[in-house]
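This structure is in structure tokens; I'll ask about it shortly.
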Amino acid sequence: MTCTEFLELLDDLIDDTVSAPIRSEIEQHMRKCGHCEVVFNTTRKTIEIYRSHEIFDLPPDLRERLHSAIMARCKRGC
Amino acid sequence: MSTIQSIAGQNEQHPDLALVDKVRAGDVSAYDELVRKYERQIFRIAQHITQNREDAEDVMQDAFLKAYEKLDQFQGNAKFYTWLVRIAVNESLMRLRKRRTGKMVSIDEDLKTEEGSVPRDFADWAPNPEQNYNQSELAEILRKTIQGLPQGFRVVFALRDVEGLSTEETAETLGLSVPAVKSRLLRARLQLRERLSRYFKRKSAPAAPSGTDGALAPNKG
Ligand SMILES: [Zn+2]
């Protein structure tokens, strides 16, 4: 497996949709290729960080205000 | 291709559909429940696309109102959430168009560049690198980084990886093909990784001196 082939499979690897034989080929490549191993680990970490940190927070008071506004307009029949 | 998810979901009715039926029958409180359930996600998506807090507030309200008005057009075989997201994405793009008058805004914008499709930075990251920053610093880094992505990548990443839509749902929501979503997702992920590497890579600092009472030792006296 080449690094380019690895890159093509990266998303499937991260999303865990590769078959067992392909996975073992990928793992074999990563054992020999430090660059691809880093790319895999850090890309996975990137997604994990974005998923677990609220970057556009909706503060409770704003949330309540917007919620009430929406419901008031719906009840009025918009 | 990946039909496993959709087959699994076919037999049981999604709880949202019962709420939608109630709303259609005139029960506004059922809609209150749906709004409460998804308002934070819709706000986030609107922020990701408009990159503007006031716009996101407007989009969130307009999207829920539009969904309420058009509820009759909602087909029960789709997920209510995906349908709602599509409305919110459209409202967000409309809002952007208004803001930059005269300039067409679409999710196909800025995608001609091949930049960032190949990794360049191979430095390993520190273990749990996000812990080297406090919450607000980290949020700022993550915001700044994702806002630097081309719109068409940012939206795909936000829907697929942040909000957890499937590839097929993301494609449907954005009116893109599945291969287009996949290629944008890979490039979005790689570009974010590359940009975050600046902050998260392992520092090659010399090992801290141990057992010495250097300048950092607390003053006793
Ligand atoms: Zn490699």
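Just so you know, all these numbers are worked out from the coordinates, no wet-lab data involved. All values derive from a computational prediction rather than experimental measurement. Reconstructed Cβ throughout: ideal geometry from the backbone, glycine too, with neighbour counts over all protein chains shown.
Just want the ordering: A:Thr4, A:Thr17, from fewest to most Cβ atoms lying within 10 Å of their own Cβ.
Going from sparsest to densest Cβ surroundings: A:Thr4, A:Thr17.
Counting other Cβ atoms within 10 Å, keep those with at most 13, restrict to DSSP loop, and tell me which chymotrypsin sites (Phe, Trp or Tyr not before Pro) in region B:128-194 are left.
Qualifying residues, ordered by number: none.
In whole Hz, what ³J(HN,Hα) sequence does region A:9-22 give by Karplus (6.51, -1.76, 1.60; θ = phi - 60°), x for Gly and Pro?
For region A:9-22, the Karplus-derived couplings read 9, 4, 4, 5, 5, 5, 7, 6, 10, 9, 6, 4, x, 5 Hz, x marking Gly and Pro.
Grab the beta carbon distance between A:Asp57 and B:Ser204, set R0 = 45 Å, and tell me the FRET efficiency rounded to 0.05.
My answer for the efficiency is 0.85.
Could you tell me what a quarter of the Cα convex hull surface of region A:3-75 works out to, in nm² with one decimal place?
Directional mean of the projected Cα hull area for region A:3-75 stands at 7.7 nm².
A further question follows. Once phi is turned into θ = phi - 60°, what whole-Hz ³J(HN,Hα) does the Karplus curve with 6.51, -1.76 and 1.60 give for every residue of region B:180-189, x standing for Gly and Pro?
5, 4, 5, 5, 5, 4, 4, 5, 4, 4
Let me ask another. In whole Hz and in residue order, list the ³J(HN,Hα) couplings for region A:30-47 that follow from phi through the Karplus curve 6.51 cos²θ - 1.76 cosθ + 1.60, θ = phi - 60°; x for Gly and Pro.
Listing the rounded values in order: 5, 5, 8, 10, x, 4, 5, 4, 5, 4, 4, 5, 6, 5, 4, 5, 3, 5 Hz.
Considering only the other residues whose Cβ falls under 15 Å of the Cβ of B:Lys201, what net charge follows from Lys and Arg at +1 and Asp and Glu at -1?
Neighbourhood net charge equals +2.
Sticking with this structure for a sec: Sort A:His29, B:His14 so that the residue with the fewest other Cβ atoms within 10 Å of its own Cβ comes first and the one with the most comes last.
B:His14, A:His29
Could you give the distance between the Cα centres of region B:60-101 and region A:1-58, to the whole Å?
33 Å
Per q in 0.12 Å⁻¹, report the Debye log10 I(q)/I(0) for region B:129-200, using one uniform scatterer on each alpha carbon and no solvent.
Results for region B:129-200 at q = 0.12 Å⁻¹ read -0.34.
Non-local amide H neighbours of B:Trp125 (under 5 Å, H modeled in plane, Pro and chain starts lacking H): which ones?
B:Arg202
Where Lys and Arg each count +1 and Asp and Glu each count -1, what net charge lies around B:Thr167 among other residues with Cβ under 12 Å from its Cβ?
Counting the neighbours of B:Thr167, the net charge comes to -4.
Give the order of B:Ile87, B:Ile42 when sorted by the count of other beta carbons within 10 angstrom, beginning with the fewest.
B:Ile87, B:Ile42
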